[in-house]
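The values are calculated or read from the model by the stated rules, or taken from the named source; none is laboratory data. Since we're looking at a predicted model, the values are computed, not measured. So basically every Cβ, Gly included, is an ideal-geometry build from the backbone, and we count neighbours across all protein chains shown.
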Amino acid sequence: MKKFLILILLIFIPFRSGDAKEISPEEMYKQRMDLYKKTEVVSGVPWYFIAAIDQYERSIRHVRKDLPKPDGLTGFYMDATHWSGPLNPDKGDHNPLTIDFFSGKGRDGNGDGKASRTDDEDLLYTAASLISLYGVNDTSVRIALWNYYKRDKTVSAIMANAKIYRTFNRINLDEKAFPIPKEYNYTYHNTWGDRRGWGGRRMHEGTDIFASYGTPVRAVRHGVVELKGWNKYGGWRVGIRDLHNTYHYYAHLNGFAKDLKIGDVVKAGQVIGSVGSSGYGPPGTSGKFPPHLHFGMYKDNGINEWAFDPYPHLKAWERAEKT
Ligand SMILES: [Zn+2]
């Protein structure tokens, strides 16, 4: 019973402290999309770039201890110094004129004469203004993002979000899939942290799903293909980043889905390759171990990236598909 209660709490806490207060996810997405579209109108910045920044900020706030947890519709966060201006003596400044005078970035998006760090429209308009100074094609957006974040990984993650939103033309993209279709035979157990034999002492950062050669491997979430090719450990492998700034790593593949290339947007459930035993040597090495999919998950918090155990997620996705 106690375990059951803890499970319930674990399910509800991230949601409660997260993106919505007492509204359904559909309603939350609708309200959020309305805000993005409204900000597009006043700023001239396409909604998917605004949504992309907002979602990136939300995702890092969920895993950063030095940032407040997102509690409103908007995920975008800016500290008081950036907002009010580095030399502004009033860190809580709301006045767009003095903020501008001190080169602060805070803007008044809803026209109430105040630039408020807690107002959704002001926040999103401020996010859009980071971009609008430079222009709204992909290259100028990249430059704008780099000038603000000064980190390539962050720029790529935001551009990936924008590409996903633009492709699907919606923001409710919570679909999930187990990597192996349920009609196929497979086995797996929790191999997180096991020692591995090849390539020195390395911790096993993932879950191995054993299946026959050629079994389809599917993307688990909507995302953008960030990496594809050979690695001496992983063999033929694919890396896909999702909207939560989680990187999904699929290794030891037999081959890739036809036409799959870096930069492609993939859907949850889309076949990206097939199970094999490639790896542990120069390109093309295969058969040094039984065929399996090595599946890894990595989280980025805007400063660094780390592996976490995918096993509980795999179990949840598998369960969801069997019911
Ligand atoms: Zn593995």
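From the list Val271, Val266, exactly one residue is surrounded by 21 or more Cβ atoms within 10 Å (Cβ to Cβ), without any contact (Cβ under 8 Å) to a residue 60 or more places away in the chain and more than 16 Å from the ligand (Cβ to nearest atom). Which is it? Let's see the steps before the verdict.
Details: Val271 fails: surrounded by 21 or more Cβ atoms within 10 Å (Cβ to Cβ).
Result of the check over Val271, Val266: Val266.
Taken residue by residue, the stretch 153-163 has at least one member that is farther than 15 Å from Ser59 by Cα, within 15 Å of the chain's Cα centre (by Cα) and either at pLDDT 95 or above or within 16 Å of the ligand (Cβ to nearest atom) (or both).
If we scan the stretch 237-250, do we find a residue that is away from the ligand (no atom under 11 Å from the Cβ), surrounded by fewer than 19 Cβ atoms within 10 Å (Cβ to Cβ) and not in a loop (DSSP other than H, G, I, E, B)? The answer is no; no qualifying residue exists. With respect to the conditions (1) under 22 Å from Gln55 (Cβ atoms); (2) within 16 Å of the ligand (Cβ to nearest atom); (3) of a type in the set (A, V, I, L, M), Leu314 falls short on a single one, namely (1). Looking only at the stretch 183-201, filter to residues that are at pLDDT below 95 and more than 13 Å from the ligand (Cβ to nearest atom); which one of those is farthest from Leu314 (Cα to Cα)? Selected residue: Gly200.
What is the number of the single condition among (1) more than 21 Å from Lys176 (Cα to Cα); (2) within 16 Å of the ligand (Cβ to nearest atom); (3) not in a strand (DSSP E or B) that Val220 does not meet? Condition not satisfied by Val220: (1). The criterion of being away from the ligand (no atom under 16 Å from the Cβ) and outside any loop (DSSP other than H, G, I, E, B) holds for Leu227. Summed over the stretch 264-280, residues that are closer than 13 Å to Arg241 by Cα, in contact with a Lys or Arg (Cβ under 7 Å, 6 or more places away or on another chain) and assigned to a strand (DSSP E or B) total 1.
All conditions in (1) without any contact (Cβ under 8 Å) to a residue 40 or more places away in the chain; (2) of a type in the set (A, V, I, L, M, F, W, C); (3) not in a loop (DSSP other than H, G, I, E, B) hold for Ile60, with the sole exception of (1).
When the stretch 281-313 is filtered for residues that are farther than 27 Å from Thr246 by Cβ and among the β-branched types (Val, Ile, Thr), only Thr285 remains. Is it true that Tyr134 is of a type outside the set (S, T, N, Q) and modelled with pLDDT under 95? Yes: the conditions hold for Tyr134.
Looking at (1) part of a loop (DSSP other than H, G, I, E, B); (2) more than 15 Å from the ligand (Cβ to nearest atom); (3) over 27 Å from Lys163 (Cα atoms); (4) basic (Lys, Arg), can you tell me which one Lys288 breaks? Condition (2) is where Lys288 drops out.
Please go through the stretch 94-145 and pick out each residue that is charged (D, E, K, R) and over 28 Å from Arg166 (Cα atoms).
Step one: filter the stretch 94-145 for residues charged (D, E, K, R), giving 100, 105, 107-108, 112, 114, 117, 119-122, 138, 142.
Listed by number, the residues that qualify are Asp100, Asp112, Lys114.
Return yes or no: is Leu293 more than 18 Å from the chain's Cα centre (by Cα), at pLDDT 95 or above, under 30 Å from Arg58 (Cβ atoms) and within 16 Å of the ligand (Cβ to nearest atom)? In short, yes. One residue stands out among those in the stretch 202-217 that are assigned to a loop (DSSP other than H, G, I, E, B) and within 15 Å of the ligand (Cβ to nearest atom): the one that is nearest to Pro290 (Cα to Cα), which is Ala211.
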